[in-house]
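One structure below.
We did not get these values from a lab; they are worked out from the coordinates using the rules stated. Please read all numbers here as calculations on a predicted model, not as lab measurements. FYI the Cβ positions are ideal-geometry reconstructions off the backbone, even for glycines, and counts take in every protein chain you see.
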């Protein structure tokens, strides 16, 4: 079961306009090569949690499909991918290093999404 912070994170992302989601995806890609891959590989999540996250993000973004893809072709899929990766980080934040966590959620923070702090940064 997803924690409340993860569910809130997904809700906030689904309320963002297409322009913000495009920027988030671009920023996520820019961070991917230097540090994002290692950060994403550090996430340890059960298959059931991963499935629930994927489902919840897909359902939250589904109403935006036409708007997102009208803004940039394929943005719905791109936004889903970036959001699922960050939601995994939020869900497992206690098991990630602060640096890994911050790399995965930084584009969302820059867009104004409230992200719970890493437990090591409280």
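Return 56, 69 ranked ascending by Cβ neighbour count within 10 Å, so the fewest neighbours appear first. Before the final figure, lay out the partial values.
On the way: 56 19, 69 16.
Sorted ascending by nearby Cβ count, the order is 69, 56.
Ordered by packing density, taken as the mean number of other Cβ atoms within 10 Å over each peptide's residues, highest first, how do 2-9, 60-67 rank?
Numbers: 2-9: 16.9, 60-67: 15.1.
Listed from highest to lowest mean packing, they are 2-9, 60-67.
Please sort 39-49, 98-108 by packing, taking for each peptide the average over its residues of neighbouring beta carbons within 10 angstrom, highest first.
Working: 39-49: 13.6, 98-108: 21.8.
By packing density, highest mean first, the sequence is 98-108, 39-49.
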Cα extents of the stretch 4-112 along the principal axes, largest first, in whole Å, come to 37, 29, 21
Longest principal axis of the chain (C-alpha) makes with the long axis of helix 4-14 (C-alpha) an angle, in degrees to the nearest 10, of 30
Ordered by fewest other Cβ atoms within 10 Å, a rough proxy for footprinting exposure, 55, 76, 118 read 55, 118, 76
The helix 75-91 Cα axis meets the longest alpha-carbon principal axis of the chain at an angle in degrees, between 0 and 90 and rounded to 10, of 20
